[in-house]
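Worksheet for the structure shown next.
The values are calculated or read from the model by the stated rules, or taken from the named source; none is laboratory data. All of these numbers come straight from a predicted model, not from anything done at the bench. Cβ placement follows ideal geometry from the backbone for every residue including glycine, while neighbour counts extend to all protein chains displayed. Ligands, DNA and RNA are excluded from the accessible area calculation, which covers all protein heavy atoms including side chains. Shrake-Rupley method; radii C 1.70, N 1.55, O 1.52, S 1.80 Å.
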Amino acid sequence: MEQELIIIGAGKFARETVWMLERLVRQGDRTWKLLGYVDDTPEKQGTSVYGLPVLGTVDALLSWPRDVWAIMPMGTCGGRRALAQRLAQASHLHWATIQAASAVTGKNFEIGEGSLLCENTLCTVDVKLGRHTIVNVGSTISHDTVLGDFVTVSPGVTICGNCEIGDGVFLGAGATIIEQIRIAPGIVVGAGATVVRDLTVSGTYVGTPARRKE
Ligand SMILES: CC(C)(COP(=O)(O)OP(=O)(O)OC[C@H]1O[C@@H](n2cnc3c(N)ncnc32)[C@H](O)[C@@H]1OP(=O)(O)O)[C@@H](O)C(=O)NCCC(=O)NCCS
């Protein structure tokens, strides 16, 4: 059954998501009918991006006249969490869960609502992703790893086996998390960092091995 889909935010990641969705449709997936975007930026009202209209501000979704599905392709964990809270009362709004045409997932893969697996991602076996979690292009997640809700995995991240990544964790581009690591909720890992010990104290960690930035 075809479902009407609106993209929240009409920015650069939204453009990548449109491309991703068009590839899914070309591959034969007829699930989604793309209506356009909602975006709070005044200058974007009435414009179009990749031929799809900006339909109004995010609040337009609160009074949408029929069932509609939405996705939030934006990198900031807190931004997605705030929008999910803002839209929580809209009972006709459903969160879309999207796996790109080239995303590969193994046995016992689980993915929560609103999550997005981008192109060329690989989740091997027994991987679980929470709600509104984004795995960006070219990232790899290995066996028995669990990601919480509102996690952002930037492009080219490697998460080895048996890891536990807490809610709202941000992993910068190209970060590597070795096996059996736990990262506490809300922690930021900088681009290119190598995490070799559990990260339990909140903050931003950079470098190899990753250390907390003062
Ligand atoms: C770690 C990060 C969050 C820090 O951001 P910030 O707090 O604004 O830090 P600043 O840019 O002010 O830099 C502060 C210091 O940390 C260093 N630093 C910043 N990021 C670093 C990184 N990833 N690795 C090592 N050092 C880093 C800077 O060189 C600077 O050092 P200095 O004080 O000796 O000059 C950010 O640099 C980062 O890596 N973000 C990830 C970006 C990303 O992957 N985006 C994906 C887009 S799809």
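For residue 12, go through the lysines and keep the ones whose alpha-carbon is under 24 Å away, minus same-chain ones fewer than eight residues off.
Straight-distance partners of residue 12: 33, 44.
Please list 3J(HN,Hα) in residue order for segment 175-183, calculated via the Karplus relation 6.51 cos²θ - 1.76 cosθ + 1.60 where θ = phi - 60°; whole Hz, with x for glycine and proline.
Karplus values, whole Hz, x for Gly and Pro: 5, 10, 10, 6, 5, 6, 9, 10, 10.
With the dipole of segment 3-96 worked out from charges on the C-beta (+1 for Lys and Arg, -1 for Asp and Glu) around the Cα centre, which of 27, 6, 88 lies farthest toward the positive end?
Final value for the positive-end residue is 27.
Where Rh denotes the Kirkwood radius from the mean inverse Cα pair distance, what is Rg over Rh for segment 3-96?
Value, to two decimals: 0.94.
Evaluate the charge dipole of segment 1-113 about its Cα centre and quote only its size in Debye, nearest 20, assuming +1 on the Cβ of each Lys and Arg and -1 on the Cβ of each Asp and Glu.
Taking the Cα centre of segment 1-113 as origin, the dipole is about 220 debye.
Note down the relative contact order for segment 97-202 as a percent, whole number, built from C-alpha pairs under 8 angstrom at least six residues apart.
Relative CO of segment 97-202 lands at 17 percent.
Taking H as built 1.01 Å from N, whose amide H comes closer than 5 Å to the amide H of residue 49, not counting residues under 5 places away?
Close amide H contacts, sequence-distant or interchain: 54.
Defining a contact as two alpha carbons under 8 Å apart and six or more residues distant in sequence, what relative contact order in percent does the chain show? Could the numbers behind the result be given before it?
Values: 597 pairs, mean separation 23.8, N = 214.
Reported as a whole number, the value is 11 percent.
Ordering 119, 43 from largest to smallest accessible area (1.4 angstrom probe), what's the sequence?
Largest accessible area first, the list is 43, 119.
Place +1 on the Cβ of every Lys and Arg and -1 on the Cβ of every Asp and Glu in segment 97-202, take the dipole about the Cα centre, and give the residue among 190, 138, 202 whose Cα lies farthest towards its positive end.
Comparing the listed Cα positions along the dipole, 190 ranks first.
Apply the Karplus curve 6.51 cos²θ - 1.76 cosθ + 1.60, θ = phi - 60°, to the phi angles in segment 52-67 and return the couplings in whole Hz, x for Gly and Pro.
Computed from phi, the couplings for segment 52-67 are 10, x, 7, 8, x, 7, 4, 4, 4, 6, 5, 10, 4, x, 8, 4 Hz.
Size of the dipole of the chain about the Cα centre, Lys and Arg at +1 and Asp and Glu at -1 on the beta carbon, nothing else charged, in debye to 20? Walk me through the numbers before you get to the answer.
Details: 19 positive and 21 negative charges, 59 e Å.
So the dipole magnitude of the chain works out to roughly 280 debye.
Please compute the Kirkwood hydrodynamic radius of segment 126-197 from all pairs of different C-alpha atoms, in Å with one decimal.
One decimal place: 11.3 Å for the Kirkwood radius.
Work out the length of the dipole vector of segment 105-214 about its Cα centre, built from +1 on the beta-carbon of each Lys and Arg and -1 on the beta-carbon of each Asp and Glu, and round it to the nearest 20 debye.
320 debye
Show the residues, 5+ positions off or on another chain, whose built amide H is closer than 5 Å to the amide H of residue 193.
For residue 193, the qualifying residues are 175, 176, 207.
Can you list residues whose amide H is under 5 Å from residue 9's amide H, if they're 5+ apart or on another chain and H is modeled 1.01 Å from N?
Hits under the 5 Å cutoff: 38, 39.
Tell me the mean residue ellipticity at 222 nm calculated for the chain from its helices only (DSSP H runs of n ≥ 4, each -39500 (n - 2.57), averaged over every residue, nearest 500). Write down the numbers at each step before the final one.
Numbers: 2 runs with 25 residues, N = 214.
The helix contribution divided over the chain gives -3500 deg cm²/dmol.
Please list, by residue number, every one of the chymotrypsin sites (Phe, Trp or Tyr not before Pro) in segment 31-90 that is coil in DSSP and has at most 16 other beta-carbon atoms within 10 Å. Present the calculation step by step, with values, prior to reporting the outcome.
Values: sites: 32, 37, 50, 69; in loops: 50.
Answer by residue number: 50.
In whole Hz, what ³J(HN,Hα) sequence does segment 20-29 give by Karplus (6.51, -1.76, 1.60; θ = phi - 60°), x for Gly and Pro?
Those phi angles translate into 4, 5, 5, 5, 4, 5, 4, 6, x, 7 Hz.
Could you give the distance between the Cα centres of segment 73-92 and segment 149-214, to the whole Å?
23 Å
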